[in-house]
Amino acid sequence: MKSGVFVLAIILCLTFVSAADVAYLYRSEGKIDQHIVDIFEEMGLDVDLVNEDIMGDLSSYSLIFVGDENFRRDIPIWEHSSVIMNHYNSEDFGLTDRDGVSKIGASSPLYIERNGMEFQVYQRAFRNGRVAVPYYYIDEQNKADALTQIASSRKTSSGANIGDVVSIVEPGEVLMNGKTAEKKICFFGITETDVWTEDAKTLFVECADLTLSECETDNDCPSDEFIGDEYCVEDDVYQNERIHSCVEQNSVRSCVPAENGVLIEQCSYGCFEGNCIRCNEDLDCDDNNNETEDFCIMSGSEESHCSNEDIECFSDEECGADGFVGELFCSENESAQMYQMFMCNNPGTAQSSCSSLMEERTIEECSDFCLEGTCMEFVCHDDLDCNDGNERTEDKCLNMNTINSECVNDEILCFANSECGEDGFIGEQFCSERDIVQTFVEYTCDNPGTVQSSCSSETVDFILQTCGDSCSNGQCVGIECYSETECGEDGLTGLYCSENNSVSQAYFNFSCENAGTVDSFCTLDIAEETIEMCAENCVDGICVGSVECSLDDDCPADSNSAPFCHEGVHVFMDVTTYSCENPGTTSSECVATNSQELVDSCEFGCENGMCLPPAGEGVHDVGFAPTNTYINGVRVQDSDENDIVNESLICGNDYKISLRVRNFGNFSENVTFSGSIGAVDIQHNPIMDFAPGAEPSRTKTVNINLTTGTYNMTIETFVEGFTDENPVNNIAVREFNVECPD
């Protein structure tokens, strides 16, 4: 891979761009990047600072610039020539899927790659010695197909190109949000302008120039077109044609029109006012169309012209097919319809024309009457016409032999008592004093077999049983109690502990309600009395003192000190362990025991709590150390410290994200971390003086402020000041499904 410097022919004065050239969109005044404003002004562009809340119509601007802020308003970048230096809103803009823009940092200044060459874009790698200076890129797996790469991230050791740092969208391309780009859009991920190299600045200017340019070749310009009226040049007809060409001016390309006269027609008889003199006789006007009659008007003169007049018809059949039209209608007592006949007048000449004649014709003579063009019959002429074949009806013809005639078939309700219902007991049994009673019903058919027939019924109450004690709800019943002594014995309970940490006692009081009746029942009233409020704890109805511990696990966790050297050849660490003495009693206590533990014996000496390597040997290697709990080196827990093992998160909730890393090398290192999930940044505290062989952890609580979807959680380690000699274990990735319940 060759390194080099950008060589670009870019002129920073765009004199032909209109006033108010650039709209710089921002959310917070403190986030306005003056370096960007200065570069636009060096390019000869006027810049307006436009807050997103008062954005309004942006169509008067030649270019809009979107800075690196999390915008809340919709910005229709696809409608404008746009430079996007923003990693928060890429999904809204349609540049990426929901995984958004990725970020990368390194322990040395970052490079990009273009056309097979590498270019340094930042002057340094860190801010304040610890925080890496990153740039943003669109991962190949996340970017819209509409994006064309201009510059990529530096290739990995395996030669992989992981994404676009600078890319362009051409007009007409469809973005991931379904919108079609109307103008050019340039994504620029090198956001830290205060540490830009000259190559980075030059690349930004090229990004702006590409966006402002109207065309690349003549094919990008409007199609050639004829303009104005045709005119005469000598004896022929000409017309002006407008041709567009793509011309570069101050390094910005635009479409420039030019006009040329084009021969439209060579005239056989001369030209007059943009028209050829057409004819000297009628034969000169033959258009080879048998459907026209050809004439030469003002033959042989400058005003001569042909007239080819249409012949409308040659025969009656060409004017239309004779036939019935319209709906049927009634004429006296007949069904009738209109009949249309077509005729060709002056057939075969320019004066030919079609006409038609309408006449009324009888379709049918009606025997009874005609209604809305249809012959109809009366419903009935006598009672026999109304026979419905049902012996249970009486058939009659009303208004016979008229248009209002109708049949009436009245129902005969019953012929016998059995058709009215089945005699028997109905309803539920009920009480009458001490008797159990039920109702009996008997049915009768009155005037059987006639239209006047009807059903009736009669009911009688029968005594089914007489109870010895009492009757209730149709059943014989007894009495529950006659006095409260049958319900229970009143008295006090023993002492017990209440929920309010007090010693209490209760009194039971039994009663017999409605004594000696069928409605009698027993009740119990419980009255609780507080005997003593406990200062600390209540156990089995007695106040006791506090209990410090019941198990060793109730005491502080065991702890180790940082390793230290002893006598220059041994590595020791202080160990503190805790145990519970007198567990579960008021005299219980947690007791600490301190000891020293030998960690290692050093062949080549000890320094800063670690063994030294042989002289001249050693590597720098820090990476993630996975376990069953730390999946890929990353542990995720909810707010109750439950491990997330099903890779499912709830949006809006807080999660503890813990890292387990190991120093696999031979040197103490200073290590920083950088990570994200979607658009949510994850920044863990650095590890300073990270000893070889050590496996510390770092925890950060993060709110998952994302929409429903699948996201990659990616976290990377960086060794400050050195190149990690085994970068494979420097990146940890876990995939999570984020759900947002309604």
For this session: Give the calculated FRET efficiency between residue 155 and residue 48 to the nearest 0.05, with a Förster radius of 56 Å applied to their Cβ-Cβ distance.
Result: 0.90
Seminar exercise, completed: In order over region 627-636: 3J(HN,Hα) from phi, Karplus 6.51/-1.76/1.60, θ = phi - 60°, whole Hz, x for each Gly or Pro, gives 9, 4, 7, 8, 5, 6, x, 10, 10, 10
Problem set entry | Estimated dipole of region 316-376 in Debye, rounded to 20 [Cβ of Lys and Arg +1, of Asp and Glu -1, Cα centre] | 280
For this session: Please work out whether region 433-506 counts as rounded, prolate or oblate from its C-alpha gyration tensor, where a ≥ b ≥ c are the square roots of the eigenvalues and a/c under 1.5 means rounded, while otherwise a/b larger than b/c means prolate and anything else oblate?
Result: oblate
For this session: Calculate, in nm to one decimal, what residue 628 and residue 393 gain on full extension: separation in residues at 0.36 nm each, minus their alpha carbon distance.
Result: 75.7 nm
For this session: For the chain, give the magnitude of the charge dipole about the Cα centre (Cβ charges: +1 Lys/Arg, -1 Asp/Glu; no others), in debye to the nearest 20.
Result: 6080
For this session: Putting +1 on Lys and Arg Cβ atoms and -1 on Asp and Glu Cβ atoms, find which of 426, 619, 51 reaches farthest to the positive end of the dipole of the chain.
Result: 619
Exercise. Using the Kirkwood radius built from alpha carbon pairs, what does the Stokes-Einstein equation give as D for region 585-742 at 4 °C and 1.567 mPa s, in µm² per second?
Worked result: 73
Seminar exercise, completed: Rounded to the nearest whole number, the Stokes-Einstein translational diffusion coefficient of region 247-404 at 37 °C and 0.692 mPa s (Kirkwood radius, C-alpha pairs) in µm²/s is 137
Problem set entry | Positive-end residue of 634, 181, 497, charge dipole of the chain with Cβ unit charges | 634
Problem set entry | HN-Hα J in Hz across region 136-142 - Karplus 6.51, -1.76, 1.60, θ = phi - 60°, x for Gly and Pro | 10, 9, 9, 4, 4, 7, 10
For this session: Taking amide H positions as placed in the peptide plane 1.01 Å from N, state which residues far from residue 363 in sequence (5 or more) or on other chains have amide H under 5 Å from it.
Result: 335, 336, 337
Seminar exercise, completed: Simple SL model, points at 7 angstrom along Cα→Cβ for residue 462 and residue 638; separation in nm is 6.8
Exercise. Given that compact globular proteins tend to follow 2.2 N^0.38 Å, what is the ratio of the alpha-carbon Rg of region 316-376 to that value?
Worked result: 1.53
For this session: Take the chain, drop everything but the C-alpha atoms, weight them equally and run the Debye formula without solvent; then report log10 I(q)/I(0) at 0.04, 0.07, 0.08, 0.10 Å⁻¹ to two decimals.
Result: -0.55, -0.87, -0.92, -1.14
Seminar exercise, completed: Rounded to the angstrom and largest first, Cα extents along the principal axes for region 161-302 equal 85, 35, 21
For this session: Please report how far the C-alpha centroid of region 523-545 lies from that of region 408-486, rounded to the nearest whole angstrom.
Result: 61
Seminar exercise, completed: Most exposed to least, judged by fewest other Cβ atoms within 10 Å, 366, 271 sort to 366, 271
For this session: Could you run the Debye sum over the Cα atoms of region 505-591, one equal point scatterer each and no solvent, and tell me log10 of I(q)/I(0) at q = 0.10, 0.11, 0.18, 0.20 Å⁻¹, two decimals?
Result: -0.59, -0.64, -0.90, -0.97
For this session: Determine which residues of region 332-354 fall in the zone a paramagnetic label at residue 315 would reach in this model, i.e. backbone nitrogen under 19 Å from the point 7 Å along Cα→Cβ.
Result: 341-350, 352-354
Problem set entry | region 402-502: chymotrypsin sites (Phe, Trp or Tyr not before Pro) in DSSP loop, at most 13 other beta carbons within 10 Å | 482
Exercise. Among 96, 156, 439, what is the fewest-to-most ranking by other Cβ atoms within 10 Å?
Worked result: 156, 439, 96
Seminar exercise, completed: Counting only DSSP beta bridges with both partners in the chain, the antiparallel fraction in percent, to the nearest 5, comes to 90
For this session: Quick one: what are the phi-derived ³J(HN,Hα) couplings along region 107-116, Karplus 6.51/-1.76/1.60 with θ = phi - 60°, whole Hz, x for glycine and proline?
Result: 7, 9, x, 6, 10, 10, 10, 8, 6, x
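Read the figures in this text as sums done on the coordinates, not as results from a lab. Keep in mind the model is a prediction, meaning the values are calculated, not measured. Virtual Cβ from ideal backbone geometry, glycine too; neighbours counted across all protein chains shown.
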